[in-house]
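Participant: Have a look at the structure that comes next, please.
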Amino acid sequence: MNKIRISAVSYTNTKPFIYGLQHTGILDKIELSLDNPTDCAQKLIDDVVDIGLIPVAATLSLKNWEIVSDYCIGAVGAVNSVFIFSNCDIKDVKTLQLDPQSRSSNNLAKVLLKNFWKADHLMIVKDAIDYEKSTDPNTAFVQIGDRTFGKKEKYAFVYDLAEEWQRFTGLPFVFAAWIANKSIPQEFITEFNKALKNGLDHRTELLKELPKRPDFDLEDYLMHKLDFELTEDKKKALHLFLEYVKGL
């Protein structure tokens with residue numbers, strides 16, 4: 001069998017999955033690349049890889065796609081790494097600057113602004129220079145991943161998007177899922193899931209290898225804030241989110 005080409009996000013939230021892939025025999029059967037979420041999705045869209053841990057909104061750009069894992073990057077309530085940081089209350093925001101590394105979280109922000117906060121009149125900026133540094137009192141920005149660690153205390157208004165989604169829908173949220181753009185042998189999928197579970201089961205060992213962060217609780221993040229199982233409620237949330245994105 002040819003090696004399965006896999007792209008995974010290079011943020012801390014995927015470290016358990018990468019640990020599992022790198023510490024099991026499956027590593028000999030795959031070609032693994034680590035990318036930011038946008039590039040990860042584009043590789044799957046361009047058929048550069050066979051499986052990607054992609055932002056779920058990117059599935060709308062795929063002709064054919066299927067979920068190939070029992071695991072995901074998700075949260076039940078606050079996730080503590082996907083935010084809108086703002087200089088004012090969200091209902092007073094006039095300009096929202098998007099994260100250039102994000103697809104799903106940018107879309108989640110827009111879904112919430114339109115349907116939950118009823119503030120879809122604002123200007124959306126995709127390619128702002130120094131998008132996170134505006135001092136304009138009515139400007140906010142989306143930011144995801146490790147770059148958000150330790151920033152919550154630096155802004156007057158902070159909105160955890162997974163927590164806000166749960167307030168809006170009553171459901172958990174799926175930021176990224178393991179998606180294939182073609183049929184993958186079931187034998188490989190079974191082994192793949194075992195490798196991912198192995199990584200999750202060894203998070204305590206993984207934490208010992210990660211650099212300490214005085215401004216961020218990595219143990220709480222990897223053990224509690226992130227919720228990795230792709231439950232039926234998460235699948236329901238995933239499809240509901242895609243329907244909202246189609247309506248943007």
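The values are calculated or read from the model by the stated rules, or taken from the named source; none is laboratory data. The structure presented is a predicted model; accordingly, all values stated were derived computationally and were not measured. Neighbour counts run over all protein chains shown; Cβ positions are idealised from the backbone, glycine included. For the accessible areas, the whole protein counts, side chains as well, though only heavy atoms, and no ligand, DNA or RNA atoms are used. Shrake-Rupley method; radii C 1.70, N 1.55, O 1.52, S 1.80 Å.
Participant: Once you have a ≥ b ≥ c as the square roots of the Cα gyration tensor eigenvalues for region 14-77, tell me rounded if a/c is under 1.5, and otherwise prolate or oblate according to whether a/b is larger than b/c.
Facilitator: Judged from the Cα gyration tensor, region 14-77 comes out oblate (a/c at least 1.5, b/c at or above a/b).
Participant: Tell me the carbon and sulfur percent of the accessible area for region 1-154, rounded to whole percent, probe radius 1.4 Å.
Facilitator: Taking all protein chains in place, region 1-154 shows 45 percent carbon and sulfur surface.
Participant: Turning to a different aspect of this structure: Restricting to DSSP loop positions (anything but H, G, I, E, B) with no more than 14 other Cβ atoms inside 10 Å of their own Cβ, which trypsin sites (Lys or Arg not before Pro) remain in region 133-183?
Facilitator: Here the trypsin sites (Lys or Arg not before Pro) that fit, given the DSSP loop and packing criteria, are LYS133, LYS182.
Participant: I've got another one for you. Give me a comma-separated list of calculated 3J(HN,Hα) values for region 50-59, in order, Karplus coefficients 6.51, -1.76, 1.60 applied at θ = phi - 60°, integers in Hz, x for any Gly or Pro.
Facilitator: Rounded to whole hertz, the list is 9, 9, x, 7, 9, x, 4, 5, 5, 4.
Participant: What number do you get for region 119-180 when its Cα radius of gyration is normalised by 2.2 N^0.38 Å, N = residues?
Facilitator: Normalised Cα radius of gyration, region 119-180: 1.34.
Participant: So how do 212-222, 105-115 stack up, highest first, on mean other-Cβ count within 10 Å?
Facilitator: Result, highest mean first: 105-115, 212-222.
Participant: Next question. When a/c is below 1.5 the answer is rounded, else prolate if a/b is larger than b/c, else oblate, so apply that to region 159-248 with a ≥ b ≥ c taken from the square roots of the Cα gyration tensor eigenvalues.
Facilitator: oblate
Participant: With an 8 Å cut-off on Cα pairs and a minimum separation of 6 or more residues, tell me the relative contact order of the chain in percent.
Facilitator: Once normalised by length, the contact order is 31 percent.
Participant: Continuing with this model, one more query. Going by a ≥ b ≥ c, the root eigenvalues of the Cα gyration tensor, does the chain fall in the rounded group (a/c under 1.5), the prolate group (a/b larger than b/c) or the oblate group?
Facilitator: Taking the square roots of the gyration eigenvalues as a ≥ b ≥ c, the chain is prolate.
Participant: At a Cα cut-off below 16 Å, give the aspartates and glutamates reachable from LYS212, other chains included and same-chain residues fewer than 8 away excluded.
Facilitator: Reachable aspartates and glutamates: ASP146, ASP220.
Participant: In addition: Are any of the pairs LYS29/LYS63; LYS43/LYS225; LYS29/LYS235; LYS133/LYS236; LYS126/LYS152; LYS110/LYS133 more than 24 Å apart by Cα-Cα distance, and if so, which?
Facilitator: Going by Cα-Cα distance, LYS29/LYS63; LYS43/LYS225; LYS29/LYS235; LYS133/LYS236 fall outside the 24 Å limit.
Participant: When N is the residue count of region 20-132, what does its C-alpha Rg come to as a fraction of 2.2 N^0.38 Å?
Facilitator: 1.28
Participant: Okay, moving on. Per residue, how much accessible area does the chain show when a 1.4 Å probe rolls over the protein heavy atoms, in square angstrom?
Facilitator: 46
Participant: In addition: Test of understanding: what is the full-extension gain from LEU242 to ASP46, defined as 0.36 nm times their sequence separation minus their Cα-Cα distance?
Facilitator: 68.5 nm
Participant: Further question on the same structure: Over the alpha-carbon set of region 157-199, work out the extent along each principal axis and list the three values in angstrom, largest first.
Facilitator: Result, largest extent first: 46, 24, 18 Å.
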